[in-house]
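Below: the structure, in structure tokens.
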Amino acid sequence: MSEIAQKVKSIIVDKLGVEESEVTPDASFTNDLGADSLDTVELIMEFEKEFNISIPDDQAENITTVGQAIAYLEEHAQK
Amino acid sequence: MQLKRVVVTGMGALTPIGNNVPAYWQGLKNGVSGAALITKFDATKFRTKFACEVKNFNAEDFIDKKEVRRLDPFCQYALVATDEAMKDSGLDVEKIDLDKAGVIWGSGIGGLKSFQDEAMAFARGDGTPRISPFFITKMIIDLSAGHISMKYGFRGLNFSVVSACATGTNAIIDAFNYIRLGKANVIITGGSEMATTETGIGGFNAMKALSERNDSPETASRPYDKDRDGFVLGEGAGALILEELEHAKARGAKIYAELVGGGMTADAYHVSAPHPEGLGVIAVMKSAIEDAGIQPTDVDYINTHGTSTPIGDPQEIKAIQKVFGEHAYKLNISSTKSMTGHLLGAAGAIESIASILAIQHQTVPPTINHFTDDEEIDAKLNFTFNKAQERKVEVALSNTFGFGGHNCSVIFRKYE
């Protein structure tokens, strides 16, 4: 697993209070990990802070699963 | 219209001298001080370096870890005290009319820590707003009532009361009135506070409101003592389950006491100083006594506001003497703030509980830390100094007053 994927997972575990084993690539924040609309906003903000980037709203809307988050950040995170 | 009768069927307390009602009563009865050096932040540079904090408290023992992050401490405290009160009441939410079950919860300041932390984080940054999506819902006071309703499914009336240090009593009287009028069968009420933060201590310090007795925190809260020098900040929560009498009887509930009267007035005078003639305080006690349909001579115990400030303490006592006349000498008077410190918006809630416990145990909790009489305060009155006193307590009155000039008195009577 990439370093980025590892960081994304640990943010999700921390913010959503879920077990690491539940944080699978297909897991949806809202349907599988119990997030509500405020949680998803907070997750995006944490990703922005951790990876020092800004995620535009129209792109943030498409990040709804663990796998999508990892893919987006692996592409956009500042190396 | 015939007003309904209202009784107390459950209690919960999270206080600096005990984290539940039995522990709180042990602390009160034994004259324990809750004051110690502040642990929540580095107070080295503050004029006051101590407070009455809640001890050995881990929110995650009571509330889901994820939920804890979304709740300001004042709201965590509210949920913990409420949980004890609900369990104590034996109320079964499957069996009551949830549309007539309400919540009226108060806090003097609300999410002060959340506000302070968020503003400090922003100030440390480069101007980019990274405000948490939970900031607003952590900070605003009414979310306490909101979260309590979500936990128990109470869909009846739901709001918060704010009247500074009179808040807790104000909430209880509001709940009393709505049940009397038939607007609810059951109401969870009370108050919670957590202002032990840099801005809280610093703000009250700037007003010269706090004791600065840093060499002896446990004797700093000394109401009616000649050398009192201000209040000691407390934190915590008190919760009461108020219930319409017939509703309580029908389910065979344990009844602690009847709530028989409440008074609410204003000084209309100054933001923080009490009215020099005590007009609002005299009026509020008279109003509560009239509302209860009793005589001043029926009152056995007064749990005073008594915050240990130079000006406030004698003013309240003079008002008591005006209202009660010769009977004032037959009363037991005590300020339990000598032990708990001043819980601001939660004070009225935990002091109502102290008053109810005094009726239950026929024992008046003391005013601890009395060393020297103050010539301004009539020493012939019984302030229950330093040691609890056993006596007949049929009727107890509790006073709380708040910055802004808010005054509240509430009267509990032994249920028979």
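No value in this document is a laboratory result; all are computed from the given coordinates. Quick caveat, the model's predicted, so the values are computed rather than measured. Note that we place each Cβ from the backbone using ideal geometry, even for glycine, and neighbour counts take in every protein chain shown.
Below are the figures for this structure:
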| read-out | value |
| --- | --- |
| GNM result for chain B, Cα springs below 10 Å: residue of B:Asn19, B:Asn303, B:Asn56 fluctuating most strongly | B:Asn56 |
| Spin-label model distance (nm) - B:His327 vs A:Ser54, 7 Å beyond Cα toward Cβ | 7.0 |
| Kyte-Doolittle mean at least 0.0 and Cα axial length at least 18 Å: DSSP H helices in chain A | A:3-16, A:37-51 |
| Of B:Ala273, B:Ala250, B:Ala379, the one that fluctuates the most in a GNM where chain B has Cα springs shorter than 10 Å | B:Ala250 |
| Spatially proximal lysines relative to B:Lys318 (Cα-Cα < 21 Å; intrachain offsets below 8 disregarded) | B:Lys226, B:Lys286, B:Lys330, B:Lys337, B:Lys380 |
| Hits among aspartates and glutamates - C-alpha to C-alpha of B:Lys392 under 15 Å, sequence gap 8 or more where chains match | B:Asp298, B:Asp300, B:Glu416 |
| Taking the C-alpha atoms of chain B, convex hull volume expressed per residue in Å³ | 134 |
| Of B:Gly191, B:Gly202, B:Gly262, the one that fluctuates the most in a GNM where chain B has Cα springs shorter than 10 Å | B:Gly202 |
| Protection proxy ranking, peptides B:122-128, B:111-117, average beta carbon neighbours within 10 Å, highest first | B:111-117, B:122-128 |
| Between segment B:52-105 and segment B:317-339, the Cα center-to-center distance that results, in Å | 34 |
| Which of B:Val284, B:Val32, B:Val6, A:Val23 has the fewest Cβ neighbours within 10 Å, and the rest in rising order | B:Val32, A:Val23, B:Val6, B:Val284 |
| Span-rule helices in chain B, defined as complete DSSP H runs reaching 15 Å or more along the axis (Cα) with Kyte mean at least 1.0 | B:279-292, B:347-361 |
| Distance from segment B:119-151 to segment B:354-416 (C-alpha centre basis), Å | 38 |
| P(r) tail fraction, segment A:3-76 - alpha-carbon pairs more than 15 Å apart, % | 45 |
| Contour minus Cα-Cα distance for B:Asp99 and B:Leu3 (0.36 nm per residue) | 32.6 nm |
| Förster radius 51 Å - calculated FRET efficiency between B:Lys45 and A:Glu19, Cβ distance, rounded to 0.05 | 0.75 |
| R0 of 25 Å, Cβ-Cβ distance B:Arg391-B:Ile255: FRET efficiency to nearest 0.05 | 0.70 |
